[in-house]
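Below: one structure, written as structure tokens.
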Amino acid sequence: MSKEVRRIVATDCGSTTTKAILIEKSEAGEYRLVARGEAPTTVEKPFEDVTLGVTNSITELEEITETVVPEGFEKGRRNLLKDGQVWRHQKNGVILDEGATSLDGADLYVSTSSAGGGLQMMVAGVVRSMSAESAERAALGAGAILMDTLAVDDGRKDYQKVERLRQLRPDIILMSGGTDGGTKSHLIEMAEVVRRADPKPRFGDMKLPIIFAGNVEARSEVSQVLGDQIALQIVDNLRPTLDRENLGPAREEIHEMFLEHVMQQAPGYSKLLDWTSEEVMATPNAVGKLLKEYAENEGINVLGVDIGGATTDVFSVFQVATSERIYNRTVSANLGMSYSICNVLKEAGVENIARWLPFEIDPAEVRNRLRNKMIRPTTIPQTYEDLLIEHAVSREALRLAFEHHKSLARGLTGSAQQRDVGQIFDQQASGQTLVNMMKLDMVIGSGGVLSHAPRRAQSALMMMDAYQPEGITMLTVDSIFMMPHLGVLSEHLYEAAKEVFERDCIVKIGTCVAPVGQGKEGDPCVSIQGSGIDISVPFGQVRVIPYAIASGDTITVTPDKNFDVGAGKGKPVTVRRFDTSRGQRDQTTNLIEGTVGLIVDTRGRPFSLDLSTPNRIPKLRSYIEALGLPLPK
């Protein structure tokens, strides 16, 4: 940055709500959240101008700072709007305004957007489990909603693919396939399908943007087939060899096309692009950017989830053998807590939902209550029973979305040796998933059911039941959904984004200790010593150890000979209390901190439960009671 940044305004233009936050550098020299405002998004009729929602949400920031400013910050109303637009002092690093007072304007204004349905894409590849899957990873990682995947071997006739393209009208199409020097004919056939469909984009009368990221030797033929009615952009091959994936260039081009073709056509976005200090970013892309930057800079593996009313996004950043950290994102477009709640019922089955309820209830009654929720999606639970049913649904939605994520976040199929297309079709074995729960350091839960649960321990129990973390894992939630704002900020000012993320965004619930293995109820499982703690927890329990009783910095977790907490069966692991004064943590240890405490989960891994499990309800009630939560009547 060409000037010290002391004040930052960030907005996230969602499909229904525009959220604005104000970040400032305190007198102590730390970046902290000062205020947060909201307003309805105004991209639809009658307004059709997204900037109205932006200015309304920022007006709320001004009004809040007029009366409420945290300690350590200059008192007084911030004047963040000027001449009907956001007042910012920098644009692409160029100083715009040196004469403002200390309360006037912001040094930076950044924004994300998913309004208007977000970025909607289709991908096309040669082999469904190889090049098409790589294209899916590239599109999802760039923040897109994946509408459909076309492949030569997907079982559909050409006319069906043509009909599908005409029906969906994506914003962008990503084409891939063929290693460099490999197949060309199948790519040309796919280009002919796209050309015959002549799909029209959602917005305006512009040419449909298509990104070609396939065999370099097929570029000229594909370009010739597509013709001049397509806005074609060519980037490096997604799969230059069968054992190497190169997603970066395609993701960057998706972002550029999103700005140039999609954002420019949406109502009011051309003004928003002019207002911002840096480029606007798709909301899911910004969340992924933050998690990837944070995981790489802090040296940890991260799993994040955003569970909404209609969809569930899952993000992961895991280190692989090459020491590189691989980022993946998936969208389960039919799994959500309100509009899509009956899809969860259909996918999981009423028995899988009812198994999490700590009271007797007819499964038909559960089904009826969920159907009522779908009819009235904006309602909130009115009784404790309703809340527990909603939390049971969330476990299944999270579990199903996570299984979908693991199936896509995996190593590459194939090897570097040359094969013809027919042999490739015969190879159906998929790569191993990159999601290693024993290596996972932190889970971040976001979305209403997790972020706004009445008690943090309820969020912890939902994530423990759905994800079944192994070894030693920090459980956190995004308190007020600031990750999109911080993601776009991290692209330009990582330290500010990190400080606000750690201090104002995520809430550390506690560290989950979950030995891997099976045993009988009451058998020795794990013991924990050090820092004022000396306790043994038998198999089959959930127990919370408050951090208040721990006086020192480290504890040692020793599993029984049949259990593993990360170092091997029966081998102890030492973990350390989190201390911000140390700066970046020692990457060989784990963090322990949280509002609930150290949560010891000896229910075994894998942990299974169904309606026929002996003493199911007493067990569930014991888990709830162990976390200090109220029991249902």
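The values are calculated or read from the model by the stated rules, or taken from the named source; none is laboratory data. None of these values were measured; they are calculated from a predicted model. Quick reminder, even Gly has a Cβ in these numbers, built from the backbone with ideal geometry, and neighbours come from all protein chains shown.
So is Arg219 touching a Phe, Trp or Tyr at 6+ places or on another chain (Cβ under 8 Å), modelled with pLDDT of 90 or more and either assigned by TED's automatic domain parsing to the domain that holds Gly248 or aromatic (Phe, Trp, Tyr) (or both) or not?
Values: touching a Phe, Trp or Tyr at 6+ places or on another chain (Cβ under 8 Å): yes; modelled with pLDDT of 90 or more: yes; either assigned by TED's automatic domain parsing to the domain that holds Gly248 or aromatic (Phe, Trp, Tyr) (or both): yes.
So Arg219 passes the test.
Might you let me know whether the stretch 285-294 holds any residue that is free of Cβ contacts under 8 Å to residues at least 40 places away in the same chain and charged (D, E, K, R)? Working first, answer last.
Kept after step one, since they are free of Cβ contacts under 8 Å to residues at least 40 places away in the same chain, are these residues of the stretch 285-294: 292.
From the residues that got through so far, the ones that are charged (D, E, K, R) too are 292.
Yes, the stretch 285-294 contains at least one residue that is free of Cβ contacts under 8 Å to residues at least 40 places away in the same chain and charged (D, E, K, R).
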Item checked: Residues satisfying the stated conditions in the stretch 156-184, i.e. closer than 26 Å to Gly118 by Cβ, touching a residue at least 24 places away in the same chain (Cβ under 8 Å) and not in a helix (DSSP H, G or I) -> Arg169, Pro170, Asp171, Ile172, Ile173, Leu174, Met175, Ser176, Gly177
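Considering the stretch 204-255 alone, what residues qualify as being aliphatic (A, V, I, L, M), under 11 Å from Ala191 (Cβ atoms) and in a helix (DSSP H, G or I)? Show your work before the answer.
Step one: of the stretch 204-255, the residues aliphatic (A, V, I, L, M) are 206, 208, 210-211, 213, 216, 218, 222, 225-226, 230-232, 234-235, 238, 242, 247, 250, 254.
Filter once more, so that each one left must be under 11 Å from Ala191 (Cβ atoms): 210, 218, 222, 225-226, 230, 232.
Of everything in the stretch 204-255, those that are aliphatic (A, V, I, L, M), under 11 Å from Ala191 (Cβ atoms) and in a helix (DSSP H, G or I) turn out to be Ala218, Val222, Val225, Leu226.
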Next item on the list: Could you list all residues from the stretch 608-633 that are surrounded by 14 or more Cβ atoms within 10 Å (Cβ to Cβ) and closer than 24 Å to Pro559 by Cβ?
Entry: Leu609, Lys619, Ser622, Tyr623, Ala626, Leu627
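Among what's in the stretch 549-585 and is of a type in the set (Gly, Ala, Ser) and crowded, with 16+ Cβ neighbours inside 10 Å, pick the residue that is modelled with the highest pLDDT.
For the stretch 549-585, the residue satisfying everything is Gly566.
Here is a list: Val127, Val110. Which entry is in a loop (DSSP other than H, G, I, E, B) and in contact (Cβ under 8 Å) with a residue 60 or more places away in the chain?
Values: Val110 fails: in a loop (DSSP other than H, G, I, E, B).
Unique residue meeting the criteria: Val127.
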Check: Looking at this structure, is Ala100 at pLDDT below 90 and either surrounded by fewer than 24 Cβ atoms within 10 Å (Cβ to Cβ) or of a type in the set (Ser, Thr, Tyr) (or both)?
Finding: yes
Note to self: Just checking: which of the strands (runs of 3 or more DSSP E) contained wholly in the stretch 467-579 hold 2 or more residues that are under 26 Å from the mean Cα position of the chain (by Cα) and assigned by TED's automatic domain parsing to the domain that holds Ile58?
What the structure shows: none
Note to self: Among the residues of the stretch 249-262, are any farther than 19 Å from Ser113 by Cα and either surrounded by fewer than 23 Cβ atoms within 10 Å (Cβ to Cβ) or at pLDDT 95 or above (or both)?
What the structure shows: yes
Check: Among the residues of the stretch 18-54, how many are under 30 Å from Gly72 (Cα atoms) and part of a strand (DSSP E or B)?
Finding: 17
Check: Is it true that some residue in the stretch 285-292 is more than 28 Å from Arg196 (Cα to Cα), surrounded by 24 or more Cβ atoms within 10 Å (Cβ to Cβ) and modelled with pLDDT under 90?
Finding: yes
Notebook entry, point to check: Among the numbered criteria (1) closer than 24 Å to Ser459 by Cα; (2) surrounded by 19 or more Cβ atoms within 10 Å (Cβ to Cβ), which single criterion is violated by Cys525?
Noted result: (1)
Next item on the list: State which residue is nearest to Ala28 (Cα to Cα) when the search covers only the stretch 472-505 and only residues that are surrounded by fewer than 20 Cβ atoms within 10 Å (Cβ to Cβ) and among the hydroxyl-bearing types (Ser, Thr, Tyr).
Entry: Tyr494
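Counting residues that are modelled with pLDDT under 95, crowded, with 21+ Cβ neighbours inside 10 Å and not hydroxyl-bearing (Ser, Thr, Tyr), which helices (runs of 4 or more DSSP H) fully inside the stretch 325-401 reach at least 1?
341-348, 363-375
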Notebook entry, point to check: Conditions: (1) surrounded by 13 or more Cβ atoms within 10 Å (Cβ to Cβ); (2) at pLDDT below 90. Asn92 meets all but one. Number of the miss?
Noted result: (1)
Next item on the list: For the stretch 302-312, state whether one or more residues are more than 13 Å from the chain's Cα centre (by Cα) and at pLDDT 90 or above.
Entry: no
